[in-house]
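Just below is one structure, and these are the notes that go with it.
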Amino acid sequence: MRHYHHPDSVRTAEAPLLASLPDGALMRRAAYGLARVCAEELFARTGGTAGRRVTLLVGSGDNGGDALFAGAFLRRRGVAVEAVLLAPDRAHAAGLRALRRAGGRVVGTPTRPDLVIDGIVGISARGALRPEAAELVAGIAAPIVAADTPSGVDVRTGVVHGPAVTAAVTVAFGALKPVHALAPARCGRVELIDIGLALGPGELRSFEDADLAALWPVPGPADDKYSLGVLGIVAGSEAYPGAAVLATGAAIRASSGMVRYAGTAGEAVLSAWPETVASADVATAGRVQAWAAGPGMGVDGAAADRLARVLDQDLPTVLDADALTLLAEHPGLLAGRTAPTVLTPHAGEFARLAGPVGNDRVAAASEAAREFDATVLLKGHVTVIAAPDGAVVADTAGSSWAATPGSGDVLTGLVGKLLASGLAPLDAAACAARVHGLAAARAADGAPTHASAISAAVPGVLRDVLRD
C-alpha cells in the first residue's frame, strides 16, 4: 500500500531532522537523489551524461535550492548545467555557490537543454505559475523533471488553476504527496527518494497488487458456492437488459461464489450466464449476503419499490446508476440502515446526490461519505474512495479506456461480489476499482475497448495478481 502525506505532515516529520542534522544536510540528501534520477533519465534518453545539457528553473524557495544543489552534483558528472533564476535576489545562496563552484552558469534563457529541472515552487505554493515562469515553461521542448511536485499543480488536490508544469518524471522527497496520486498526467513517473523521514499512515492511500492478493477471496479446501459469498443483483430492465448481463457477468468472474439475479431481464441474464439463479423479484430471490443494485433498473415507481425492498434487508449493498438517481429523489431510503452501503457515482450522479464535485475531489467524496454514512466511490480517471470514518483511497490503476458505456455496470458487479465475500466496504471498493482499471487497460491494449471486453479481462488480471 502506498501512503500520501499532506505538506503539514511532511514538515512536521522534517523538523527533528532539521534540528539534528548539519545545516543544509537534508536538502543535499534530496538534491543528490534528484541528481541521480536526472542522470538516469539523461542516460535512458540520450545514452550518456557527459556533455549533455541540463537547465535549472530556480525559484526563491527550498525547491530552488534543491535544484541548484542537484545541478552541482550533475556538473561533477560532466553535465553542462545552466540555471535560470526566477527571483535572482532571493535564490538559495548556498545552492547557488555550490553550483558556481562546480562550474555551473547562470543564464537568462535556456539554450536547447536535453533535460530541465523544475525547481520553481515547492509544497507550500498555491495557484498557477506566475507569468514569467509560465512563459519560460511554455517555451520548453525538453522533458522536465519536477523537484518534489510539478510547479503550479495543487499539492493537496492535484488541481491546475492555470499555467503549470507537466513533468516527465517527478522526484518526491521523503514522502509521496496527494498530487502524486491525484494528478498522474502532470507528475509523469514518480520516483520516491528516501531522505530519512519518519512518517505514519498517510492522509491518502492507494492499493497495490500485493493488497489485492492479500484481500481478494480465494476458495479454500472447505469452501463451497455459498461460503464464498452469495450476491443478489437488481439491475437491468426490458429497455436495458445489457446492464444486468454486464453486472452479473462481472460478479461471476470475480469469484466462485453464487450470484442470484432479481429483476425483469432474467431471460437475457440466463442466456449469457446460465449459472445464475434468476427470479423476477427481490422477495423470491433467495438468501444472499450482499446486494448490488441500480444499473439499468429504471427510475419509475416499481424500481423505487424494488430498491426499497433491497435496502430494507439491511445487508451490505452497492448502489450505482439508477439507484443513485432514486436515492437523490428519496434520500430517506438509507435511513435506519446499519449494514455497509457503497455508492459509486460519476460526477453527474454525484452532483444530483450531493452537489457539484468541485476542484477538491477528495474533500467532496469525504463530505458525501459522512453525509450518507456510506463509502463513496467517486469515479474518474483517478477514482477517489472515501469512507465515513475519514479514510480515503485513490485508485492509481485508473485508465481513461474505462470511460465507455457499461463499464460502471462491470464495476458494480465487482464491488458487490467482494461485499458478499465479506470484505469491508472500503477494501471492497478499492480492490474492485483497481482490478477494474487494470482490466480496462488490458482490454484496451492501447486502443478503444468496450465494457464486455473489460469484464472478460478480469480473470486474467486476477490470475496474474494472485500468482505473483
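Exactly one residue among 210, 244 is buried (at least 23 other Cβ atoms within 10 Å of the Cβ) and either part of a helix (DSSP H, G or I) or of a type in the set (Ser, Thr, Tyr) (or both), and that residue is 244. Check residue 231 against each of (1) in the same structural domain as residue 438 (by the TED database); (2) open to solvent by 10 Å² or more (accessible area, probe 1.4 Å) and name the one condition it does not meet. Every condition holds for residue 231 apart from (2).
Taking the stated definitions as given, is residue 267 in a helix (DSSP H, G or I), farther than 30 Å from residue 338 by Cβ, of a type in the set (D, E, K, R) and in the same structural domain as residue 349 (by the TED database)? Spelling it out, residue 267 is indeed in a helix (DSSP H, G or I), farther than 30 Å from residue 338 by Cβ, of a type in the set (D, E, K, R) and in the same structural domain as residue 349 (by the TED database).
Of the residues 402, 429, the single one that is open to solvent by 10 Å² or more (accessible area, probe 1.4 Å) and either out of contact with any strand residue (DSSP E or B) (no Cβ under 7 Å at 6 or more places or on another chain) or among the aliphatic types (A, V, I, L, M) (or both) is 402. Can you confirm whether residue 324 is in a loop (DSSP other than H, G, I, E, B) and surrounded by 17 or more Cβ atoms within 10 Å (Cβ to Cβ)? In short, no. Right, residue 413: on the phi > 0 side of the Ramachandran plot and in the same structural domain as residue 302 (by the TED database) or not? So residue 413 does not fit the description; no.
Out of 57, 96, I need the residue that is touching a strand residue (DSSP E or B) at 6+ places or on another chain (Cβ under 8 Å), open to solvent by 10 Å² or more (accessible area, probe 1.4 Å) and either touching a residue at least 12 places away in the same chain (Cβ under 8 Å) or in a helix (DSSP H, G or I) (or both). Which one?
The match here is 96.
Among the residues of segment 273-315, those identified as part of a loop (DSSP other than H, G, I, E, B), open to solvent by less than 30 Å² (accessible area, probe 1.4 Å) and more than 20 Å from residue 452 (Cα to Cα) are 285, 288, 298. The set of residues in segment 164-183 that are over 20 Å from residue 115 (Cα atoms) and either in a helix (DSSP H, G or I) or not hydrophobic (A, V, I, L, M, F, W, C) (or both) comprises 174, 177, 178, 179, 180, 181, 182. Kindly indicate whether any position in segment 62-75 is open to solvent by 10 Å² or more (accessible area, probe 1.4 Å) and over 18 Å from residue 191 (Cβ atoms). Among the residues of segment 62-75, at least one is open to solvent by 10 Å² or more (accessible area, probe 1.4 Å) and over 18 Å from residue 191 (Cβ atoms), which makes the answer yes.
For segment 235-248, the criterion of being β-branched (Val, Ile, Thr), touching a residue at least 40 places away in the same chain (Cβ under 8 Å), touching a strand residue (DSSP E or B) at 6+ places or on another chain (Cβ under 7 Å) and assigned by the TED database to the domain that holds residue 452 is met by at least one residue. Note on segment 355-371: residues that are in contact (Cβ under 8 Å) with a residue 40 or more places away in the chain and buried (at least 17 other Cβ atoms within 10 Å of the Cβ) amount to 3. Among the residues making up segment 124-153, those that are buried (at least 22 other Cβ atoms within 10 Å of the Cβ) and under 21 Å from residue 4 (Cα atoms) are 145, 146, 147, 148, 149, 150, 151, 152, 153.
The values are calculated or read from the model by the stated rules, or taken from the named source; none is laboratory data. Because the structure is predicted, anything quoted here is derived from the model rather than measured. Here the Cβ is made from the backbone with ideal geometry for all residues, glycine too, and neighbour counts use every protein chain on show. Side chains are part of the model used for accessible areas, which takes the heavy atoms of the whole protein and leaves out ligands, DNA and RNA. Shrake-Rupley method; radii C 1.70, N 1.55, O 1.52, S 1.80 Å.
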